[in-house]
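The values are calculated or read from the model by the stated rules, or taken from the named source; none is laboratory data. Not measured: the values here are computed from a predicted model. Cβ: placed from backbone, ideal geometry, glycine included. Neighbour counts: every protein chain shown.
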Amino acid sequence: MVFTNFVMRLSAITFQQINELNNRRISAQKSYKILVFGDVDVGKTSLVTRYVENRFSTIDTNPTNTMVKSSRFVDTLVDSNIEIIVCDCPSCDTIDFDEYQNADAALFLYDMTRIETLKSTERWNEMVDMNIFPNVCVKLLVGTKRDDLDNRKVFLEMARSHATKLDMFLHETSAKHGVEIENVFKAVCRRIRQRESTEVKTKRILKEKSRNFG
Ligand SMILES: Nc1nc2c(ncn2[C@@H]2O[C@H](COP(=O)(O)OP(=O)(O)OP(=O)(O)O)[C@@H](O)[C@H]2O)c(=O)[nH]1
Ligand SMILES: [Mg+2]
């Protein structure tokens with residue numbers, strides 16, 4: 001009996017949560033699709049889980065074999081109720097790019113305890129440029145496992161010069177301690193918004209020009 005009540009309560013909560021999520025999705029003003037790339041074990045799933053569910057687990061980190069989408073709703077200074085769709089991408093080379101098109105931003109993760117993962121971000125970036133359309137314009141370089149100071153191999157200067165080379169902004173994060181993760185996604189939203197308003201302005205100018213000369 002107690003068990004039945006527990007199950008009923010659990011499913012009631014789950015239904016309520018699903019309903020809330022659906023209602024927010026229906027009333028969402030817009031959505032941003034953000035792709036998360038990086039070598040095996042850099043901490044992609046952990047970063048996404050920290051952002052979407054605000055938790056970190058060392059137990060459920062099985063390798064990610066297919067893209068996993070999850071979402072969170074946020075308010076910014078300019079817009080309310082934006083759906084942030086975060087795509088946790090597999091680190092294997094056989095990727096089905098159909099699902100990746102029309103992305104608004106991409107995060108390139110490297111593990112601060114493994115130098116080779118920083119170098120790989122260059123390859124991930126090339127792969128995005130070659131396969132995803134329209135071109136992804138908002139890109140961030142994201143260091144992970146900042147809490148693991150004893151094993152740190154990628155220091156700030158090295159990461160900064162790599163970020164400059166790739167023309168990306170840099171953030172150093174820890175999913176374990178929840179450090180800097182919110183700021184990564186706030187920065188992404190800000191930059192997407194900036195691009196949107198630049199595009200609107202450009203379209204308006206072109207329209208006025210064609211009216212004047214047409
Ligand atoms: N110390 C520390 N460990 C972390 C952090 N983030 C992830 N890890 C650990 O790194 C390992 C890999 O984490 P995942 O999140 O599964 O990495 P992934 O990039 O999704 O891995 P694949 O899906 O297999 O490519 C796990 O043992 C995590 O517990 C962090 O911020 N700090
Ligand atoms: Mg994973």
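In region 108-122, which residues are part of a helix (DSSP H, G or I) and touching a residue at least 60 places away in the same chain (Cβ under 8 Å)?
Glu116, Thr117, Ser120, Thr121
Looking at Phe155, is it closer than 30 Å to Thr198 by Cβ and out of contact with any Leu (no Cβ under 9 Å at 6 or more places or on another chain)?
no
Does Leu140 meet the test of being surrounded by 10 or more Cβ atoms within 10 Å (Cβ to Cβ), outside any helix (DSSP H, G or I) and of a type outside the set (Asp, Glu)?
Numbers: surrounded by 10 or more Cβ atoms within 10 Å (Cβ to Cβ): yes; outside any helix (DSSP H, G or I): yes; of a type outside the set (Asp, Glu): yes.
Against the criterion (surrounded by 10 or more Cβ atoms within 10 Å (Cβ to Cβ), outside any helix (DSSP H, G or I) and of a type outside the set (Asp, Glu)), Leu140 qualifies.
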Worksheet entry | Every pair of residues 6+ apart whose Cβ atoms lie under 6 Å, when the first sits in region 57-75 and is in contact (Cβ under 8 Å) with a residue 24 or more places away in the chain while the second is part of a loop (DSSP other than H, G, I, E, B) and away from ligand 2 (no atom under 16 Å from the Cβ) | Phe73/Asn81
Discussion item. Restricting to region 31-56, name every residue that is over 12 Å from the mean Cα position of the chain (by Cα) and assigned to a strand (DSSP E or B).
Written reply: Ser31
Item to complete: For residues that are away from ligand 1 (no atom under 13 Å from the Cβ), modelled with pLDDT of 90 or more and of a type in the set (Val, Ile, Thr), tally how many sit in region 53-94.
Response: 4
Discussion item. Out of Arg72, Arg50, Arg114, Arg123, I need the residue that is in contact with a strand residue (DSSP E or B) (Cβ under 8 Å, 6 or more places away or on another chain), at negative phi and not aliphatic (A, V, I, L, M). Which one?
Written reply: Arg72
Discussion item. Here's a check for you: in region 33-44, which residue that is surrounded by fewer than 22 Cβ atoms within 10 Å (Cβ to Cβ) and closer than 17 Å to Cys92 by Cα is farthest from ligand 1 (Cβ to nearest atom)?
Written reply: Asp39
Discussion item. Looking for something under 14 Å from the mean Cα position of the chain (by Cα), surrounded by 20 or more Cβ atoms within 10 Å (Cβ to Cβ) and not basic (Lys, Arg) - is there at least one such residue anywhere in region 111-123?
Written reply: no
Worksheet item: If you check Val36 against the conditions, is it among the β-branched types (Val, Ile, Thr), touching a Lys or Arg at 6+ places or on another chain (Cβ under 7 Å), at pLDDT 95 or above and within 22 Å of Asp104 (Cα to Cα)?
Response: yes
Worksheet item: Of Ile59, Ile95, which residue is of a type outside the set (S, T, N, Q), over 14 Å from the mean Cα position of the chain (by Cα) and farther than 24 Å from Met168 by Cβ?
Response: Ile59
Practice prompt. Check region 63-70 and report whether any residue there is assigned to a strand (DSSP E or B) and touching a Cys at 6+ places or on another chain (Cβ under 6 Å).
Written response: yes
Worksheet item: Just checking, how many residues over region 95-107 are closer than 18 Å to Lys165 by Cα and either within 12 Å of ligand 1 (Cβ to nearest atom) or part of a loop (DSSP other than H, G, I, E, B) (or both)?
Response: 1
Fill in: Members of region 163-186 that are of a type in the set (Gly, Ala, Ser) and buried (at least 17 other Cβ atoms within 10 Å of the Cβ)
Ala163, Ser174, Ala175
